[in-house]
Amino acid sequence: MDAALNGKTALVTGGTSGIGLAVVRRFVEEGAHVVVTGRRQAQLDAVAAEFGDAVTAVRADASDPADVATLFEAVAARGTGLHAVHVNAGIGEFKPLADVTPEDIDTAFGTNVRGTTLTVQGALPFLSEGAAIVVTGSTAASGTERNFGLYGGSKAAVATLTRTWAAELAPRGVRINTIIPGPTETPGFKGLLPGNGDALVQQVAAGLPFGRLLRPEEVAAVVLFLVSDASSGMTGSEVVVDGGSTIA
Ligand SMILES: NC(=O)c1ccc[n+]([C@@H]2O[C@H](COP(=O)([O-])OP(=O)(O)OC[C@H]3O[C@@H](n4cnc5c(N)ncnc54)[C@H](OP(=O)(O)O)[C@@H]3O)[C@@H](O)[C@H]2O)c1
């Protein structure tokens, strides 16, 4: 069987850790050249060392317009356009409403909403007919997790933005869908309880149908489906990959 992304160029934001790193790995296995972003240079260097010529690592903060411009200069320099984009860079933290500061609001919405918007907007000139975008949402957008309101609210905004962009992009033959992961075992997830991430994993796993969190590869498999021709009939959808957490 042909590799799904043979000879294609893809972009994965936040591709140096967790879900994004698993997507980079899967896209490379499927024959893509992947432009990968993140803020920490050491993590980018590790990705470049692991994947060699199959990736272009660009240090870019998704919330910073100058960094986003730098990213798309690197995309332009490849001269291939973009066939697949995974807008994945995202952050969250637990904080009770009473403790939320204006800076916390800017941080959550800066990466998750502003960053997603700037990335999709920046990608527009490079998307050819048949290209597909996947945006990472979260089950927290429709949940009631205490102390997670800013994060859930920002991810709800992301899902709404994606639906409206789907209508705008459809005439160009470009698809965009939201993937909605449930609890997934990543450095980011463990970082929600600094110093005690493993205890958080065990506690959450105990309440899930399979008794475990999702593996990043299980989310990556669905991202690959959403950028491949197998999902050519889908745009503006929210695809839940949650290990059954919504039925728990
Ligand atoms: N893990 C879960 O349970 C879960 C569930 C639902 C949704 N999600 C979503 O899935 C996505 C990935 O999460 P993860 O769990 O894999 O987290 P992770 O392990 O912390 O990875 C996050 C990635 O995003 C990058 N990043 C963060 N802020 C950025 C910014 N402003 N600009 C550019 N890159 C940035 C990080 O690198 P740097 O820190 O170096 O920038 C890293 O590469 C996020 O959108 C998250 O909200 C996760």
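The values are calculated or read from the model by the stated rules, or taken from the named source; none is laboratory data. Everything quoted here is computed from the prediction, not taken from an experiment. All Cβ positions, glycine included, derive from the backbone under ideal geometry; neighbour counts span all protein chains shown.
Values as computed for the structure displayed
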item	result
Hits in region 13-30 - residues which are more than 9 Å from the ligand (Cβ to nearest atom) and either part of a loop (DSSP other than H, G, I, E, B) or over 17 Å from the mean Cα position of the chain (by Cα) (or both)	Glu29, Glu30
Listing of helices (runs of 4 or more DSSP H) fully contained in region 166-239 that carry 3 or more residues being more than 12 Å from the ligand (Cβ to nearest atom) and either of a type outside the set (Lys, Arg) or surrounded by 14 or more Cβ atoms within 10 Å (Cβ to Cβ) (or both)	197-205, 216-227
When residues of region 1-12 are limited to those that are exposed (fewer than 15 other Cβ atoms within 10 Å of the Cβ) and of a type in the set (Gly, Ala, Ser), the one nearest to the ligand (Cβ to nearest atom)	Ala3
Pick from region 76-90, criterion more than 15 Å from the ligand (Cβ to nearest atom) and not in a loop (DSSP other than H, G, I, E, B), ranking: surrounded by the most Cβ atoms within 10 Å (Cβ to Cβ)	Ala84
Members of region 119-140 that are more than 9 Å from the ligand (Cβ to nearest atom), modelled with pLDDT of 95 or more and more than 14 Å from the chain's Cα centre (by Cα)	Gln121, Gly122, Ala123, Leu124, Pro125, Phe126, Leu127, Gly130, Ala131
Within region 98-109, considering residues that are without any contact (Cβ under 8 Å) to a residue 12 or more places away in the chain and outside any loop (DSSP other than H, G, I, E, B), the one nearest to the ligand (Cβ to nearest atom)	Asp106
Condition check for Lys95: assigned to a helix (DSSP H, G or I), surrounded by 14 or more Cβ atoms within 10 Å (Cβ to Cβ) and modelled with pLDDT of 95 or more	no
Pairs where the first residue, in region 169-197, is more than 20 Å from Gly38 (Cα to Cα) and the second is within 12 Å of the ligand (Cβ to nearest atom) and hydroxyl-bearing (Ser, Thr, Tyr), C-beta under 6 Å, 6+ apart	Ile180/Thr139; Gly182/Thr139; Gly182/Ser245
Scope region 31-56; condition within 12 Å of the ligand (Cβ to nearest atom) and without any contact (Cβ under 8 Å) to a residue 40 or more places away in the chain; matching residues	Val36, Arg39, Arg40, Gln41, Ala42, Gln43, Leu44, Asp45, Ala46, Val47
Test for Phe51: is it among the aromatic types (Phe, Trp, Tyr), more than 14 Å from Lys8 (Cα to Cα) and crowded, with 18+ Cβ neighbours inside 10 Å	yes
Residues of region 57-67 satisfying the condition of being in a helix (DSSP H, G or I) and either in contact (Cβ under 8 Å) with a residue 12 or more places away in the chain or crowded, with 24+ Cβ neighbours inside 10 Å (or both)	Pro65
Thr144, sole failed condition from (1) assigned to a loop (DSSP other than H, G, I, E, B); (2) at pLDDT 95 or above	(2)
Residue list for region 36-51, filter: of a type outside the set (Gly, Ala, Ser), outside any loop (DSSP other than H, G, I, E, B) and either within 24 Å of Pro65 (Cα to Cα) or in contact with an Asp or Glu (Cβ under 6 Å, 6 or more places away or on another chain) (or both)	Val36, Thr37, Gln41, Gln43, Leu44, Asp45, Val47
Residues of region 123-134 satisfying the condition of being surrounded by fewer than 20 Cβ atoms within 10 Å (Cβ to Cβ) and either free of Cβ contacts under 8 Å to residues at least 24 places away in the same chain or out of contact with any Gly (no Cβ under 8 Å at 6 or more places or on another chain) (or both)	Leu124, Pro125
